[in-house]
Amino acid sequence: MHSEPQTSAAGMPAAAAGPELPSQPLSLAGRTRRGERVILGLLWLCAAVSIFTTVGIVLVLFVDASDFFRDVSIWKFFTDTAWRPFGGVEQGRFGVLPLVNGTLLVTAIAMMVAVPLGLGSAIYLSEYAAPRARRVLKPVLELLAGVPTVVLGYFALTFMTPVLRAIFGTSTVQIFNAASAGIVMGIMIVPTIASLSEDALSAVPQGLRESAYGLGGTKRQVAIRVVTPAALSGIVAAVILGMGRAIGETMIVAIAAGNLPKLTANPFDQIQTMTAYIVQAVGGEAARGSLTYESIFAVGALLFLMTFALNVLAQRFVRRYREVY
Amino acid sequence: MDSAQSQAVRQRPVLDVPVDSRALAHHTAAEHSKLASDLVFDVRDVTVRYGVHPAIRNVSLQIYRHEITALIGPSGCGKSTFIRCFNRMNDLIPSATVEGTITYHGQDLYAKGVDPVEVRRRIGMVFQKPNPFPKSVRENILFGPKVNGMEVDADEVVERSLRRAALWDEVRNKLNDSAYSLSGGQQQRLCIARAIAIDPDVILMDEPASALDPISTGRIEDLMRELQERYTIVIVTHNMQQAARVSDRTAFFTTEVEDEASDFRSGKLVEYDFTEKIFKNPSDRRTEDYVTGRFG
């Protein structure tokens, strides 16, 4: 470097002589580092692309949804109890409640499966498993997150549904039903909840465990009364993220839960979720420009708002979690 | 040791006057005969290993009722490892093994069938870093009684434990506040109060004041002298003045090169005696070098 002529930022030739006896006065002015700028620009572009894409999607969603709301009032959208976009006697009723009901029903079933299983695995992995068992089990568990959801959908339809029908009777359990999709979706979410909760549990300082043991706590008491409460906000964040996945999940419900929008709390009924409706409408049943076509943007926007709210909630919990100990 | 005399001994400045060794020998013999029945821990030839390497080896010493025993020595000499043997805290480290015997009131602590949970209920511990639970002051105190299924008057236990830990007046109006709202020194006294709440027989303290400022340290030391009336205390400390100020007996540990090739070191007990003797007239050269500051 020293042999090459250099130019300082101020435009003065830099000393080429070496360290002793600088012929020029000492300059501490910054130099232009061209490489830095290029890298900075590229990195900025990477960040910008994802941000602009997100903004663009949201914009399209809400602009097209507003077309829909010119024909159907927001009031009607949220209060009408029937969703009949594809003809029939009640054609033209666009009450989103049955779809929201379907989504929430399947999500609730999924969470009933995923929270106990996920939390149980997390407590086992963090507090009970020998280090070697943990090194093997955690990656295996996370592998479950890699199973394509379309495969899980077929698993729900061809395995879980027959099992449920065998247990509860074919007259009770319809071929397409919320329970089957919900249970399999719960299994899908277990790795998310288990892995994130395990991180939260492992992050609890060893000192807290030791002091609890030092007071005569048993392993179970230490895990349940000290470690789990200390990690609670991290666990809640994991559950909320899992719930976000359940709400947005499409393939499993499209395959196994059915296509019948319905206000029901019966898990064995055929239902339709918001995501499954969008798949059905986009899949060719709605003509472009029709009200039915526009309705998918309204449903999509609502779906976006729901998962967005959950993500905000999760982030709040994570922030709180940082402050706990 | 009557209390007036021990008080005088404690207040004498450390390391100033040569001690009459004959008087000391006489003193030691008298103490010994009196305390033989008050043996709390009898440690025989204990070696603790992490994996294959011993962290501390062949330690034998006795700990007596209502005394404060200090474990001192340079970093890495295994004193923290050693103190964790008394309440089987080393059980929590999968690779740790304890050889030799430690009896507690005549019972082998490491015998088959001994439940470490029962051991820890009688032998409480206070750690280096104040580590209250992220709960209220009150819940911190009541944790021990709750997990041990003790039927207690909650308010009474909270007040008594906090009074004994000299913390009551400072927190009486903050019992439902988070323990984390207290200062570091208060948190450490809360940890002591929490240990007292299950009415242990022994309290182990692993450098309880090392994370605290001098004023908080002074309060913890005063507190230890008060607690000595009810409990037997074993304390690990880096601070020689602290050992000299508060303890009745002192064990000096050092590190020894175990294996020349790998420079692997393990801890060893060099000398164990009355604190006064350790600081004024140690028998071992290494002890003298350490307590006079020439080493460590």
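Here is how the numbers come out for the structure above:
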quantity: B:V158 being open to solvent by less than 50 Å² (accessible area, probe 1.4 Å), away from chain A (no Cβ under 14 Å) and in contact (Cβ under 8 Å) with a residue 40 or more places away in the chain; calculated: no
quantity: Extreme residue, modelled with the highest pLDDT, among residues of the range A:304-325 that are open to solvent by 100 Å² or more (accessible area, probe 1.4 Å) and within 14 Å of chain B (Cβ to nearest Cβ); calculated: A:R320
quantity: Hey, A:A114 closer than 27 Å to A:S295 by Cβ, part of a helix (DSSP H, G or I) and under 27 Å from the mean Cα position of the chain (by Cα) or not; calculated: no
quantity: Residue within the range A:177-189 that is outside any helix (DSSP H, G or I), under 30 Å from A:T307 (Cα atoms) and within 14 Å of chain B (Cβ to nearest Cβ) present; calculated: no
quantity: Residue in the range B:198-216 that is among the β-branched types (V, I, T), more than 20 Å from B:V137 (Cα to Cα) and away from chain A (no Cβ under 13 Å) present; calculated: yes
quantity: Condition met for A:T161 (open to solvent by 50 Å² or more (accessible area, probe 1.4 Å) and out of contact with any strand residue (DSSP E or B) (no Cβ under 8 Å at 6 or more places or on another chain)); calculated: no
quantity: Failed criterion for B:I56 (all others in (1) open to solvent by 30 Å² or more (accessible area, probe 1.4 Å); (2) assigned to a strand (DSSP E or B); (3) aliphatic (A, V, I, L, M) hold); calculated: (1)
quantity: Residue match in the range A:7-29 (condition: surrounded by 13 or more Cβ atoms within 10 Å (Cβ to Cβ), modelled with pLDDT of 90 or more and not polar (S, T, N, Q)); calculated: no
quantity: Members of the range B:135-144 found to be more than 9 Å from chain A (Cβ to nearest Cβ) and open to solvent by less than 40 Å² (accessible area, probe 1.4 Å), listed by number; calculated: B:S136, B:V137, B:N140, B:I141, B:L142
quantity: Any hit, the range A:62-76, residues being closer than 30 Å to A:R209 by Cβ and among the charged types (D, E, K, R); calculated: no
quantity: Flag if A:V115 is in contact with a Ser or Thr (Cβ under 7 Å, 6 or more places away or on another chain) and at pLDDT 95 or above; calculated: no
quantity: Top-ranked residue of the range B:180-197 - restricted to ones that are within 26 Å of the chain's Cα centre (by Cα) and of a type in the set (S, T, Y), ranked as farthest from the other protein chains (Cβ to nearest Cβ); calculated: B:S183
quantity: Any hit, the range B:161-179, residues being away from chain A (no Cβ under 14 Å), basic (K, R) and either assigned to a helix (DSSP H, G or I) or touching a strand residue (DSSP E or B) at 6+ places or on another chain (Cβ under 8 Å) (or both); calculated: yes
quantity: Selection status of A:Q280, closer than 20 Å to A:V100 by Cβ and touching a Gly at 6+ places or on another chain (Cβ under 8 Å); calculated: no
quantity: Selection count where residues are within 15 Å of A:Y293 (Cα to Cα), of a type outside the set (A, V, I, L, M, F, W, C), open to solvent by less than 80 Å² (accessible area, probe 1.4 Å) and part of a helix (DSSP H, G or I), scope the range A:54-107; calculated: 3
quantity: Flag if A:S290 is among the hydroxyl-bearing types (S, T, Y) and surrounded by fewer than 18 Cβ atoms within 10 Å (Cβ to Cβ); calculated: yes
quantity: Residues (among the charged types (D, E, K, R), surrounded by fewer than 19 Cβ atoms within 10 Å (Cβ to Cβ) and facing chain A (nearest Cβ under 8 Å)) located in the range B:109-134; calculated: B:E118, B:K129
quantity: Set A:G146, A:G169: member being away from chain B (no Cβ under 14 Å), without any contact (Cβ under 8 Å) to a residue 12 or more places away in the chain, at positive phi and surrounded by fewer than 16 Cβ atoms within 10 Å (Cβ to Cβ); calculated: A:G169
quantity: Total residues in the range A:128-154, condition within 17 Å of the chain's Cα centre (by Cα) and of a type in the set (G, A, S); calculated: 2
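The values are calculated or read from the model by the stated rules, or taken from the named source; none is laboratory data. From a predicted model like this one, the values you see are computed outputs, not experimental measurements. We place every Cβ from the backbone using ideal geometry, glycine too, and count neighbours over all the protein chains shown. The area values use the complete protein model at the heavy-atom level, side chains included, leaving out ligands, DNA and RNA. Shrake-Rupley method; radii C 1.70, N 1.55, O 1.52, S 1.80 Å.
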